[in-house]
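Visitor: Input: one structure, supplied below.
The values are calculated or read from the model by the stated rules, or taken from the named source; none is laboratory data. All values reported here derive from a predicted model rather than from experimental measurement. All Cβ positions, glycine included, derive from the backbone under ideal geometry; neighbour counts span all protein chains shown. Each accessible area value is taken on the protein alone, full model and side chains, heavy atoms only, with ligands, DNA and RNA left out. Shrake-Rupley method; radii C 1.70, N 1.55, O 1.52, S 1.80 Å.
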Amino acid sequence: MKLLLEINDLGVVYKGRGRRTDKVALDGVSVSIQAGETLGLVGESGSGKSTLGSCVLGLVQPAQGAVIFDGQDITRASGKVRRELSTQIQAVFQDPYSSFNPHRTIEQSVGESLTSVPRLSRGELRSRVVSMLERVGLDRTALPKFPPQFSGGQRQRIAIARALLPEPRLVVCDESVSALDLSVQAQVLNLLLELQRELGVAYLFITHDLAVVRHMSNQIAVLEHGTLVEHGDAIGVTDFPTQPYTRRLLRASPQSDPDVQDARRRTRRAIAGLSGASAAGPVSGVDILRALESQAVAESMAETSAIDTTVFETALTRLEAEPVDSARVVELRAAIPEMAARTRFDGIPDSARSAADTARLDLCAELTRNGRTEGFADRCRALSSAIKSGDRERAMDLVAVLDDSDDSAPIRQGSSRGQRE
Ligand SMILES: Nc1ncnc2c1ncn2[C@@H]1O[C@H](COP(=O)(O)OP(=O)(O)O)[C@@H](O)[C@H]1O
Ligand SMILES: [Mg+2]
């Protein structure tokens, strides 16, 4: 892996005008992005996300720290260097309506990101624009049209085509899907992932929505009031958040992540099947889901626990009585952590916690099969068994090393899968 972008100890202060005091927007933030990978940058509105993106793009000058791109210090790059960099660092912003000049055709708008490349004939430029438009799901009939003739989702596709046309190595995506409907969001996110696989481009993916970044990112950094409060592997940060602030963000997150939506649907099906198939007990699986949902809502509204946990304790006991290899059980277990993550960890009964744990292990196994390193999965397993045995200290230690990129030294102790039965 190759380091593409390094941000060291970045500090930004917006000078107050007149009577207004200075605003510290970023304070001592250090993050990095590997070539071809995605760093998700999350935090509430006003936490400094866009400011960080603007420093990378050279739109804001930091008061301290450095931005290093491909080994080159670009913190205070001159206009000339910036113009050269513009083919390597591109951006896709939130608003698909204001990011295009309505009086320029799609051909002109998309092609403008290549105008700094000398000796490109009009014919060559057009054919590159067309092939890029095709990649984002449009075609040459779009060339003579104007932005207002397209929907929000289509315009965001055009914005992505414009950004990727020069084959940049880094794209700053600042709330790029936040203005879109959930179903359109999912399509655009998948498009970005597809293009990343094809082109090897890296993303600085900025959003206030933690569910979206999990789907998109290798690493996640969480900003609160301009400081970095949590930083690590995407699965680690979203499954084992160490900060209350991160957990709050998770709970507040609408379900726009297509994986999560899908897991939800599967859960509902699995739960419905479970309650229909078994004659034992009055508790329906749907009640568990309802209980978890209302818990999540109650917590995010009032920060209080107002739930009868016996509902899903009973249901989970029944769940455990099902044959383990039943596909329904596997599906249901896999969906529990997603629901549980949005409620306060302490509010979940032990039986649910261990079911969630089992599901995490399955998830880890799946990640390993999909090319993630064994070391990471081992650390997750060790963490699960530490949580299970109530060893809080060890669990905290393991959380700290969960994102350790040195996968050559996996933690073996207490990591055997058999142990969890
Ligand atoms: N140009 C500016 N002048 C003064 N303050 C600014 C400016 N831009 C942003 N801020 C302030 O800096 C903080 C961080 O803003 P921003 O980076 O836009 O946050 P985010 O993108 O996370 O919502 C906010 O308090 C915001 O009001
Ligand atoms: Mg912003």
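Visitor: Quick one: in region 61-104, of everything that is closer than 30 Å to residue 145 by Cα and among the hydroxyl-bearing types (Ser, Thr, Tyr), which residue is farthest from ligand 1 (Cβ to nearest atom)?
Guide: Going through the qualifying residues, I end up with 87.
Visitor: Another question, then. Specify which of the listed residues (194, 167) is in contact with a helix residue (DSSP H, G or I) (Cβ under 8 Å, 6 or more places away or on another chain) and surrounded by fewer than 20 Cβ atoms within 10 Å (Cβ to Cβ).
Guide: Numbers: 194 fails: in contact with a helix residue (DSSP H, G or I) (Cβ under 8 Å, 6 or more places away or on another chain).
Going through 194, 167 in turn, the sole match is 167.
Visitor: How many residues does region 173-211 contain that are within 16 Å of ligand 2 (Cβ to nearest atom) and closer than 15 Å to residue 35 by Cα?
Guide: Of the residues in region 173-211, 3 are within 16 Å of ligand 2 (Cβ to nearest atom) and closer than 15 Å to residue 35 by Cα.
Visitor: Being surrounded by 19 or more Cβ atoms within 10 Å (Cβ to Cβ) and more than 9 Å from ligand 1 (Cβ to nearest atom): is that true of residue 28 here?
Guide: no
Visitor: If the requirement is being in the same structural domain as residue 233 (by TED's automatic domain parsing), crowded, with 21+ Cβ neighbours inside 10 Å, among the hydrophobic types (A, V, I, L, M, F, W, C) and closer than 24 Å to residue 70 by Cα, which of these qualifies: 106, 160?
Guide: 160
Visitor: Within region 47-73, how many residues are within 13 Å of ligand 2 (Cβ to nearest atom), without any contact (Cβ under 8 Å) to a residue 24 or more places away in the chain and open to solvent by 30 Å² or more (accessible area, probe 1.4 Å)?
Guide: Counting residues in region 47-73 that are within 13 Å of ligand 2 (Cβ to nearest atom), without any contact (Cβ under 8 Å) to a residue 24 or more places away in the chain and open to solvent by 30 Å² or more (accessible area, probe 1.4 Å) gives 1.
Visitor: Inside region 1-46, can you point out the residues that are among the small types (Gly, Ala, Ser), modelled with pLDDT of 95 or more and at negative phi?
Guide: Answer for region 1-46, where residues must be among the small types (Gly, Ala, Ser), modelled with pLDDT of 95 or more and at negative phi: 11, 25, 30, 32, 35, 40.
Visitor: Which pairs turn up if I take residues in region 190-216 that are assigned by TED's automatic domain parsing to the domain that holds residue 69 and under 17 Å from residue 93 (Cα atoms) and look for partners that are surrounded by fewer than 19 Cβ atoms within 10 Å (Cβ to Cβ) and among the hydrophobic types (A, V, I, L, M, F, W, C) with beta carbon separation below 7 Å, at least 6 apart in sequence or on another chain?
Guide: If the second residue must be surrounded by fewer than 19 Cβ atoms within 10 Å (Cβ to Cβ) and among the hydrophobic types (A, V, I, L, M, F, W, C), the pairs left are 202/35; 216/193.
Visitor: Would you mention how many residues in region 31-59 are out of contact with any strand residue (DSSP E or B) (no Cβ under 8 Å at 6 or more places or on another chain) and either among the aromatic types (Phe, Trp, Tyr) or away from ligand 1 (no atom under 14 Å from the Cβ) (or both)?
Guide: Count: 1.
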